[in-house]
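What follows is calculated from the coordinates using simple rules that are stated; it is not laboratory data. Remember, predicted model here, so these are calculated numbers, not experimental data. We place every Cβ from the backbone using ideal geometry, glycine too, and count neighbours over all the protein chains shown.
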């Protein structure tokens, strides 16, 4: 069996960034999968599920309500390795295309106050596993350390 594309990336060289993981064509229409890497794999501690779950709820809500990208958002969710998230958008993009959107989204998460959307038993299958303070911290760190002055090496997978 062939390795899938994401397993061919050298995770020992991968740093936090915004990467195009792949572009697929569904019935002739492009769908771009982004790798939003928030921690250095196998180097930094992974994120805990509570803060990832909170980021997922806030980011998905933000994206689905976005005036430009709401109708283009197919999926936002966590990586199993807990080092980042996947974002799937309808259309063909390069990483730099969505940096302004990611800045806006992670600023929204970093500054979010109040009840996390969908964080109740009726709306979520694991609503008690949430950590808003840590989600805010991680979003702010990603925003300041990666997104605000992102360099080309954080927009393209390492060789």
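Would you please state which residues of the range 115-135 a label at residue 65 would reach in this model, taking the label point 7 Å out along Cα→Cβ and a backbone N cut-off of under 19 Å?
115-124, 131-133, 135
Given only helices, namely DSSP H runs of n ≥ 4 each adding -39500 (n - 2.57), what is the per-residue ellipticity at 222 nm of the chain, to the nearest 500 deg cm²/dmol? All intermediate terms of the calculation are to be shown ahead of the outcome.
Values: 3 runs with 39 residues, N = 159.
Taken over the chain, the calculation gives -8000 deg cm²/dmol.
Considering only 140, 84, 70, give the residue with the highest GNM mean-square fluctuation for the chain, with springs between Cα atoms whenever their separation is below 10 Å.
70
Could you tell me the convex hull volume per residue, in Å³, taken over the Cα atoms of the chain? Mind showing how you got there, number by number?
Working: hull volume 21.7 nm³, N = 159.
Per-residue hull volume (Cα only) is 136 Å³.
Let me see the pair-distance distribution of the range 1-94: every alpha carbon pair, 5 Å bin width, integer percents in order.
Calculated over all Cα pairs of the range 1-94, the distribution is 3, 13, 21, 23, 20, 14, 6, 1, 0 percent.
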